[in-house]
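Here the structure is laid out as structure tokens; the discussion comes afterwards.
The values are calculated or read from the model by the stated rules, or taken from the named source; none is laboratory data. None of the values given here were measured: they were computed from a predicted structure. We place every Cβ from the backbone using ideal geometry, glycine too, and count neighbours over all the protein chains shown. The area values use the complete protein model at the heavy-atom level, side chains included, leaving out ligands, DNA and RNA. Shrake-Rupley method; radii C 1.70, N 1.55, O 1.52, S 1.80 Å.
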Amino acid sequence: MPEEADVVVIGGGIAGLITARELGRGSLRVLVLEARDRLGGRVWTDHRMGRDLEIGGTWLHWVQPHVWAEITRYGLAVTRGPRPEEAYWLAGDDLRRGTLESFMDLIDPGMRRLLAGTMRWIPRPDDPLSAPDLAEVDRFSVQDKLDELGLSEEEYRANEAAWVGHFNAPLQEGAFTGALRWTAATAGSWHLMHEASAVFRLTHGTRSLVSAIVADTRAEIRTSTEVRRIEHTAEGAVVTTAGGERISARRIVVTLPQNIIGDLDVSPPLCAEKRAASQEKTASQGVKAWIRVRGPIKPFFAYSSADHPLSVVRTEYLGDDDAVLVAFGADARRISPDDREAVAAALRVWRDDLEVLEVTGHDWMADPHSRETWLMQRPNQLTRYHRAQQRPEGVLHFASSDHANVWAGFIDGAIESGLRVARELTTELGASR
Ligand SMILES: Cc1cc2nc3c(=O)[nH]c(=O)nc-3n(C[C@H](O)[C@H](O)[C@H](O)COP(=O)(O)OP(=O)(O)OC[C@H]3O[C@@H](n4cnc5c(N)ncnc54)[C@H](O)[C@@H]3O)c2cc1C
């Protein structure tokens with residue numbers, strides 16, 4: 001006989017842990033099955049280079065309502081990296097040097113023009129499909145829209161690099177609506193959007209958030225337990241793990257990222273839209289690299305262009321005799337974050353005076369439990385798949401940052417989706433608190 005639970009949550013990332021915490025408050029038996037030997041999923045604080053580094057998700061902000069509520073609830077400390085004192089960017093083959101403010105002034109006209117229609121197309125970011133004619137703009141890539149602006153070479157490259165930093169993808173593959181959704185979430189201000197996505201982080205790492213949620217849950221959590229198969233009927237479902245255990249439940253919550261959910265053996269199969277989105281893949285396919293250099297240095301920020309393996313780099317930690325930089329590139333196949341020579345060569349585009357001591361990162365694209373970084377959709381995916389990705393299928397429910405409404409692709413979105421699914425299930429199962 002299979003083991004029994006009321007709800008099985010597949011995945012112990014933020015979406016799964018939030019769902020389990022909320023559902024576990026009543027009398028339900030809730031079981032979380034996590035494939036990896038650690039919790040957190042795409043948030044992962046790991047001790048490397050003598051510091052606790054965020055290998056995955058990092059930055060958060062008070063304009064992100066769900067994550068900020070968790071920060072308030074658990075009293076988590078928030079900090080920021082050093083303020084950049086210098087900025088570097090490219091104009092053709094020339095290297096420009098200035099302040100962060102001068103770089104922001106350079107990209108401001110392009111950003112404003114690109115994003116002018118934000119509130120027209122995404123009037124309610126909490127309901128991203130509320131514009132009835134959204135499909136008209138969802139077919140464009142962010143590259144299509146940048147190309148229409150007729151920017152000078154210097155402005156174009158600078159804007160492009162800034163968007164690669166946000167999209168973690170080649171810009172011709174990223175949906176323009178992704179840029180609109182991020183900006184709509186900050187009421188049309190690209191400056192605030194930029195700050196919300198790249199400045200403030202948890203002082204004790206995302207690990208402190210994960211630990212606080214886990215300490216606050218009555219659900220049972222099992223790591224190193226990969227789910228391979230789900231068989232479901234109108235009455236319930238049975239999941240089978242890689243180790244051959246079978247667990248039956250009244251409801252299942254699936255929290256797998258878009259790029260791997262289609263690989264799960266589900267009988268009867270998931271709807272065509274969920275499978276199509278998974279097969280098409282997200283646009284995001286990039287790399288995040290940590291680089292330790294000899295110090296002391298002045299904190300700096302640098303942008304190149306989409307053609308470079310690393311498009312954005314900046315100082316995140318300053319030591320007495322070293323500094324740690326964080327960098328992003330559009331395509332994980334073009335550079336390995338563990339290849340010191342390649343990373344040092346990419347850095348020389350801006351700085352040939354820095355001595356690279358160590359590099360590290362994680363190949364999220366090759367990781368079988370994610371195969372993506374943070375969600376950025378391809379053109380048409382929002383209008384074609386968003387609603388279907390959220391929609392329950394019989395006893396199966398779906399939570400993931402990848403199909404959150406407001407801050408999809410962020411830690412905030414994972415919490416939003418976990419809360420939504422927990423509410424759906426609490427209503428359905430009549431759980432008492
Ligand atoms: C490099 C990088 C940088 C990022 N930067 C930021 C940032 O600065 N700010 C921000 O807000 N967000 C950022 N993000 C995004 C953010 O981390 C994610 O959107 C969020 O953590 C996703 O949470 P989730 O629970 O929806 O998915 P996941 O964290 O992917 O959770 C899914 C879980 O399911 C597990 N799983 C998969 N398959 C199975 C299976 N078959 N059986 C059992 N378990 C399974 C996985 O191991 C994982 O734990 C970043 C992400 C990456 C990768």
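Residues in the chain average 38 Å² of solvent-accessible surface per residue, probe 1.4 Å, ligands and nucleic acids excluded. Between the C-alpha center of segment 283-338 and that of segment 367-393 there is a gap of 27 Å. Once the C-beta distance of GLU245 and CYS271 is scaled by a Förster radius of 22 Å, the resulting FRET efficiency is 0.25 to the nearest 0.05.
Its Kirkwood hydrodynamic radius, worked out from the mean inverse distance over all distinct Cα pairs, puts the chain at 22.2 Å. Across segment 241-348, the convex hull enclosing all Cα atoms gives 180 Å³ per residue. Per-residue extension of 0.36 nm, minus the Cα-Cα distance of VAL199 and GLU355, leaves a gain of 53.7 nm for this segment. The length gained on full extension between ALA135 and ARG391, counted as 0.36 nm times the residue separation minus their Cα-Cα distance, comes to 90.2 nm. Loop-located trypsin sites (Lys or Arg not before Pro) in segment 11-119 (DSSP state not H, G, I, E or B) with no more than 15 neighbouring Cβ atoms inside 10 Å: ARG38. Between ASP321 and ASP216, take the C-beta separation as r, use R0 = 35 Å, and let me know the FRET efficiency to the nearest 0.05. Calculated transfer efficiency: 0.30. Stretching SER152 away from GLN172 to a fully extended chain increases their span by 5.3 nm, per 0.36 nm per residue minus the current alpha-carbon distance. Dipole magnitude for segment 77-139: about 100 debye, using +1 per Lys or Arg Cβ and -1 per Asp or Glu Cβ, origin at the Cα centre. Counting only Cβ charges, +1 for Lys and Arg and -1 for Asp and Glu, the dipole size of the chain around its Cα centre is about 1080 debye. Relative to the dominant Cα principal axis of the chain, helix 153-167 is inclined by about 20°.
Using a probe radius of 1.4 angstrom, the carbon and sulfur fraction of the accessible surface of segment 265-372 is 45%. Modelled label positions at ALA69 and ALA366, each set 7 Å beyond Cα in the direction of Cβ, lie 4.0 nm from each other. Note that segment 18-114, at 37 °C in a medium of 0.692 mPa s, gets a Stokes-Einstein diffusion coefficient of 180 µm²/s from its Kirkwood radius over C-alpha pairs.
Rounded to the nearest 0.05, what FRET efficiency do ARG423 and GLU226 give with R0 = 22 Å and r taken as the Cβ-Cβ distance? Could you check? Step by step, r from the Cβ atoms, then E = 0.20. Once the convex hull of all Cα atoms in segment 206-297 is built, its volume per residue stands at 169 Å³. Remark: segment 47-115 carries a charge dipole of roughly 220 debye about the Cα centre, counting +1 on each Lys and Arg Cβ and -1 on each Asp and Glu Cβ. Binning the C-alpha pair distances of segment 1-63 at 5 Å intervals from 0 yields a P(r) profile of 4, 16, 19, 18, 16, 12, 8, 4, 2, 0 %, listed from the shortest bin outward. According to the Cα-based calculation, Rg over Rh for segment 87-182 is 1.01, with Rh computed by the Kirkwood formula.
Taking the Cα atoms of segment 341-433, the ratio Rg/Rh between the radius of gyration and the Kirkwood radius comes to 1.20.
May I ask you to list the residues of segment 63-86 whose amide nitrogen lies under 19 Å from a point 7 Å from Cα along the Cα→beta-carbon direction of SER102? Output list for this probe position: 83-86.
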